[in-house]
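In what follows, a structure is listed as structure tokens, so that the remarks can point back to it.
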Amino acid sequence: MVGRARLVENGVLMSETTGQDRVLWLSTVGFTLMFAVWLMFGILGKPIQEEFGLTEVQLSWIVAAAALNGSLWRLPTGMITDRIGGRKVMTFLLAATAVPAYLVSRADSYAMLVVLAFFVGFGGNSFSAGIAWNSAWQPRERQGFALGLFGAGNVGASVTKFIGPPLIAGTAGATYFGFVDGGWRLVPVVYAVLLLVMAALVWFGTPEQDRAPGTGQPLRQQVRPLRSMRVWRFSLYYVAVFGAYVALAAWLPTYYMDNFDVSLQSAALLTATYIFPASLLRPFGGHLSDRFGARRVIYWTFGAMLVVTGILMMPNGHIVISHPDGTQSEHLAYSIGVVPFAVLVFLLGCAMGVGKAAVFKHIPEYFPDNVGAVGGLVGMLGGLGGFFLPPLFAYTKAWSGFPSSTFFVLFVLTLVCAVWMHWTVVRMLHAESPELAGRLENPSDDRRPAPGLAPAPTA
């Protein structure tokens, strides 16, 4: 009681800052862990495929099942967080995900793996809880950076890439405590234990008096913003920068092994060079959005993604010309090695990392009282992209015969997003004032005078 009184006596601002920091850091660590569990099949997939004799399409459905359940509940998760606070929701998600994570280690059939992968994906919904929770605690001028820092928990996708291969190789054939098998089956057991530990840290380490801005708010009022076309447009953007990120993070290890003949450990490390910038640049993307405007940053993101995926979608090969005399000649031979491929994928990750923060910067600006519902829907539809894309990658490869068709899918998706956004911006600017058609941000949000002009006199 004395400590609490002294804290309040020293000033409310100090107390709020302490709570903000605890919520931000513990939610970020918890989200990082759950993201690692959610995408662990990206590394476990290859040994699982070998043990159970699965095809590439069958393996893609294990990855897709986890992505599906990690997206389905994002809308209700965000809304519930607004109503009861993120402390309860994050603790529940951590503890609940630990159960199927452990049971993955006991799977003995393909069907069981698909079902358990689906339930493991439940942890992916923690994103909506964390976004709504941090939005309730962070001041508006810090939201871009704070939400970007929390979203950097996407780097959890690389955790399994680092610990998985050596853990699998070093414990294969061993048994621990009489019932825990080594090899790939040990990884989900380790994660189950860490999830329970993290649940306790979140519950006891964050403020007991939580913030829930949606308490008492009618359900109809919470879902009203979802009728806005703007919300659905943001959702499509998020499919391109987040859904595609989730899909590639799980897909790239197998892509590297099949197309560049590298080991599982090398494939994991190469994939990490994509995951790290796609995750760790998210706070920087939030900072850029705070400074230059989210829409401008999304333009940069889509432009970079179109250039990179346009190069990566080109198949290895050459053009064969048949001449009238019956001879043939080869022209424009093209192939890409593992190093330039990895560099391009790294740049793609950079663009996605910045773009993810820019998309979510829009939400508390346009919908400050409905971050949970809107963020939940955007996150849900973005995550569903991670469900649809892996099977789409597999089927387009089977149809075309080109592994690079993976990036053709991403090129088309990004192009649709860029065209829709630009069409919307042009319509908005012409509607408000035709002479402002060169502006990217909404003119009504910024009435500053143009450079070199004196501000208008005030009465």
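A short reminder: the numbers here are calculations on the coordinates, not readings from a lab. In this text the structure is predicted, and so the values were computed from the model without any measurement. Note that each Cβ is placed from the backbone with ideal geometry, even for glycine, and that neighbours are counted across all protein chains shown.
Once the Cα-Cα distance is subtracted from the 0.36 nm per residue extended length, the Ser329 to Val115 segment shows a gain of 71.8 nm. Can you tell me how the range 60-121 classifies by the Cα gyration tensor, rounded, prolate or oblate, using a/c under 1.5 as the rounded cut? Verdict is oblate for the range 60-121. For the range 60-72, the Karplus equation 6.51 cos²θ - 1.76 cosθ + 1.60, evaluated at θ = phi - 60°, returns couplings of 4, 6, 5, 4, 5, 4, 5, 5, 4, 6, x, 10, 4 Hz by residue, with Gly and Pro reported as x.
Relative contact order for the chain: what percent, with Cα pairs under 8 Å and sequence separation of 6 or more? Relative contact order comes out at 24 percent. Under 5 Å from the amide H of Asp181 lie the amide H atoms of Tyr176, each residue being 5 or more positions distant or on a separate chain, with H modelled from the backbone and absent for Pro and chain starts. Exposed loop sites were defined as chymotrypsin sites (Phe, Trp or Tyr not before Pro) in DSSP loop states (anything but H, G, I, E or B) carrying at most 13 other C-beta atoms within 10 Å; in the chain the longest segment without such a site runs 180-459.
In order along the range 142-156, the Karplus-derived 3J(HN,Hα) couplings, from 6.51 cos²θ - 1.76 cosθ + 1.60 at θ = phi - 60°, round to 10, 5, x, 5, 5, 5, x, 5, 4, x, 5, x, 3, 4, x Hz, and Gly and Pro are given as x.
Listed values (i) 30.3; (ii) 25.3; (iii) 27.2 include one computed from this model; for mean projected area of the Cα convex hull in nm² that value carries the label (i).
Rounded, prolate or oblate: which fits the range 117-228 when a ≥ b ≥ c are the square roots of the eigenvalues of the alpha-carbon gyration tensor, with rounded for a/c under 1.5 and prolate only if a/b beats b/c? It is prolate, given that a/c is not under 1.5 and a/b is the larger ratio. Computed from backbone phi, the HN-Hα couplings of the range 33-40 come to 5, 5, 5, 4, 5, 4, 9, 5 Hz, rounded to whole numbers (Karplus: 6.51 cos²θ - 1.76 cosθ + 1.60, θ = phi - 60°; Gly and Pro given as x).
How high is the relative contact order of the range 312-428, given as a whole-number percent (alpha carbon pairs under 8 Å, six or more residues apart)?
That works out to 26 percent.
Rounded to the nearest 500, the 222 nm mean residue ellipticity of the chain from helices alone is -24000 deg cm²/dmol, with -39,500 (n - 2.57) taken per DSSP H run of at least 4 residues.
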